[in-house]
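The values are calculated or read from the model by the stated rules, or taken from the named source; none is laboratory data. The structure presented is a predicted model; accordingly, all values stated were derived computationally and were not measured. No Cβ is skipped: glycine too gets one built from the backbone with ideal geometry, and neighbour counts run over all protein chains shown.
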Amino acid sequence: NAGVTQTPKFRVLKTGQSMTLLCAQDMNHEYMYWYRQDPGMGLRLIHYSVGEGTTAKGEVPDGYNVSRLKKQNFLLGLESAAPSQTSVYFCASSTRDRGNIQYFGAGTRLSVL
Amino acid sequence: AQSVAQPEDQVNVAEGNPLTVKCTYSVSGNPYLFWYVQYPNRGLQFLLKYITGDNLVKGSYGFEAEFNKSQTSFHLKKPSALVSDSALYFCAVSSPTGTASKLTFGTGTRLQVTL
């Protein structure tokens, strides 16, 4: 039972480059989330999705885009990376049937130079 | 807007002693409250939650939390700490309104348990 899988685990980008982070869950959860974790700031919600084909902005959405074409996948895109986007990114999923407990992936550590 | 405060950046406890990690919250209406733990280079793991009912909630690994509505607090406790409990602990709150459980996290408290 893989749960929530994030790829890649590490990435180094140059300013202005683009990339996509992939999140996959095998629990048939309807809700998925992208967070960023920065020292001393906890986790902040970037975007989330309540179902296939729907996405919504979270607390810190600027500079990011997302897509949820399939229920099990949630993609996070950076069109033009900036040093301020250096962070650890976490994906999570949840279902109302389990009291909306969120299950997290292992994270992607991104450095933008 | 909902918010969570974890007033202590770090809590130091000797193994075998009781531990408390503090959390206070602010939310409109009745809160859904959660505790998560994060070990180094890992994602967050769910420990316990409060939605309604008994104010004392029991969770994984011997942890429990006490909901206090008048003090808007949800402190995490364990009667006897283990070295293996050393990790980063996050309190989170969400509102029962809406379809997705949008969590607001505190800044985290690092628990250090020593022999």
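What to note about this one:
- Conditions (1) surrounded by 17 or more Cβ atoms within 10 Å (Cβ to Cβ); (2) in a strand (DSSP E or B): number failed by B:Lys77: (1)
- Close contacts from the stretch B:18-44, counting a first residue that is at positive phi and without any contact (Cβ under 8 Å) to a residue 24 or more places away in the chain and a second that is part of a strand (DSSP E or B) and surrounded by fewer than 22 Cβ atoms within 10 Å (Cβ to Cβ), with Cβ to Cβ under 9 Å and a gap of 6+ residues or different chains, come to B:Asn41/A:Arg109.
- Residue in the stretch B:44-64 that is modelled with pLDDT of 95 or more, in a loop (DSSP other than H, G, I, E, B) and away from chain A (no Cβ under 14 Å) present: yes
- Taken over the stretch A:91-113, residues that are part of a strand (DSSP E or B), at the interface with chain B (Cβ under 9 Å from one of its Cβ atoms) and aliphatic (A, V, I, L, M) amount to 1.
- Pairs linking a residue in the stretch A:1-25 that is away from chain B (no Cβ under 11 Å) and exposed (fewer than 15 other Cβ atoms within 10 Å of the Cβ) to a residue that is among the hydroxyl-bearing types (Ser, Thr, Tyr) and in a loop (DSSP other than H, G, I, E, B), with Cβ atoms under 7 Å and 6 or more positions apart or on different chains, are A:Gly16/A:Ser80; A:Ser18/A:Ser80.
- Among the residues of the stretch B:1-21, those that are in a strand (DSSP E or B) and either in contact with a Gly (Cβ under 9 Å, 6 or more places away or on another chain) or among the polar types (S, T, N, Q) (or both) comprise B:Ser3, B:Val4, B:Ala5, B:Gln10, B:Asn12, B:Thr20.
- Being in a strand (DSSP E or B) and either in contact with a Gly (Cβ under 6 Å, 6 or more places away or on another chain) or farther than 18 Å from B:Lys102 by Cα (or both) holds for only one residue in A:Arg44, A:Arg11, and it is A:Arg11.
- When A:Ala56 is tested against (1) closer than 22 Å to A:Asn28 by Cα; (2) part of a loop (DSSP other than H, G, I, E, B), exactly one condition is not met: (2).
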